[in-house]
1. Mean separation of Cα pairs under 8 Å and 6+ residues apart, divided by the residue count of the stretch 112-209: what relative contact order is that in percent?
2. With a 10 Å radius around each residue's Cβ, average the other Cβ atoms per peptide and rank 125-133, 43-51, highest first.
3. Using DSSP to call loops (not H, G, I, E or B), can you name the GluC sites (Glu not before Pro) in the stretch 111-177 whose Cβ has at most 12 other Cβ atoms within 10 angstrom?
4. Please order Cys29, Cys24, Cys141 by the number of other Cβ within 10 Å, starting at the fewest.
5. Counting other Cβ atoms within 10 Å, which trypsin sites (Lys or Arg not before Pro) in the stretch 67-113 have at most 14 and lie in a DSSP loop?
6. Just name one of Met136, Thr151, Asn193: the one whose Cα is farthest towards the positive end of the charge dipole of the stretch 112-209 (beta-carbon charges, Lys/Arg +1, Asp/Glu -1).
7. Given a cut-off of under 8 Å on Cα pairs at least six residues apart, what relative contact order in percent is computed for the chain?
8. Need the list of lysines near Lys90 for cross-linking: C-alpha distance under 21 angstrom, and skip anything on the same chain fewer than eight residues off.
Amino acid sequence: MKAFLLAAGEGTRLRPLTLETPKCLVPICGRPLIEYWFDLFELYGIDEILINTSYLADKVRSYIKNNSRALTVYMTYEDILLGSGGTLKKNWDFVKGEDSFFVLYADNLTNINLDKMMKFHSDKGKDFTLALFKVMNPRECGIVELDEFSTIVSFTEKPKNPVSDLAFAGIMLGNQSLASYFPDKEIFDLGYNVLPYIVKNAAGYVMREYLLDIGNIEKLKQAEHHVRNKIFKSENCFQRDNHGVR
């Protein structure tokens with residue numbers, strides 16, 4: 001199975017750490033954040049990943065070249081950030097012909113059970129499934145409203161008057177029809193320009209597993225505490241021969 005891993009952000013709120021270290025390589029208890037994603041990919045059979053880069057791209061490429069395990073990792077460079085939607089549009093050939101694929105925001109630390117999410121997606125029969133989690137600060141997130149059948153009936157990015165406390169977790173299952181929602185421009189964001197329009201064609205999977213946005217230094221310290229004290233539990237997989245970066 002294939003996945004887009006969106007990792008090109010500068011991580012400005014993690015400075016000074018990110019002055020010399022790309023956000024996806026910021027260490028959590030001695031392991032770069034991206035390694036926790038690689039654990040997840042190996043565990044659930046996601047073996048082809050496209051990662052977008054921009055800020056400190058050479059460091060990301062060098063790291064992945066030597067640490068990609070048995071995963072096939074493709075990398076794409078953005079001189080100007082294209083936004084989460086623009087990255088998908090530019091690299092749509094990566095998922096050409098795929099029945100379904102994941103879109104994942106690399107900012108997060110999570111141990112979500114992707115098998116359960118995929119089964120939920122299949123059972124609901126929608127074109128898209130968004131992973132959701134409850135938040136304390138809904139005005140700062142992409143907020144979803146669900147009906148009694150787990151169908152998404154509204155999506156609003158950073159609403160002034162939130163209708164719920166269910167936020168998009170930065171984990172989506174999609175199919176080929178996603179491209180029909182792309183606007184006629186090259187730089188755009190999923191949260192503002194795409195997800196509000198896929199409602200009623202999307203289901204909301206309310207996850208019970210761990211998820212934390214590593215958005216600032218305090219969240220990073222929280223993540224390290226959780227990993228160190230087994231509040232976050234990662235399934236570490238055996239490393240196999242590298243396929244390298246293509």
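Read-outs: derived from the displayed coordinates by stated rules, not from any lab. Everything numeric here is computed off the predicted structure, so don't read it as measured data. Note that we place each Cβ from the backbone using ideal geometry, even for glycine, and neighbour counts take in every protein chain shown.
1. Details: 177 pairs, mean separation 39.2, N = 98.
The normalised contact order for the stretch 112-209 reaches 40 percent.
2. Values: 125-133: 22.4, 43-51: 19.1.
Final packing ranking: 125-133, 43-51.
3. Numbers: sites: Glu140, Glu145, Glu148, Glu157; in loops: Glu148.
Filter output for the stretch 111-177: Glu148.
4. Details: Cys29 13, Cys24 28, Cys141 24.
Taking fewest neighbouring Cβ atoms as first place, the list is Cys29, Cys141, Cys24.
5. Values: sites: Arg69, Lys89, Lys90, Lys96; in loops: Arg69, Lys96.
Answer by residue number: Lys96.
6. Looking along the dipole axis, the top candidate is Met136.
7. On the way: 481 pairs, mean separation 68.3, N = 246.
That works out to 28 percent.
8. Lys2, Lys185
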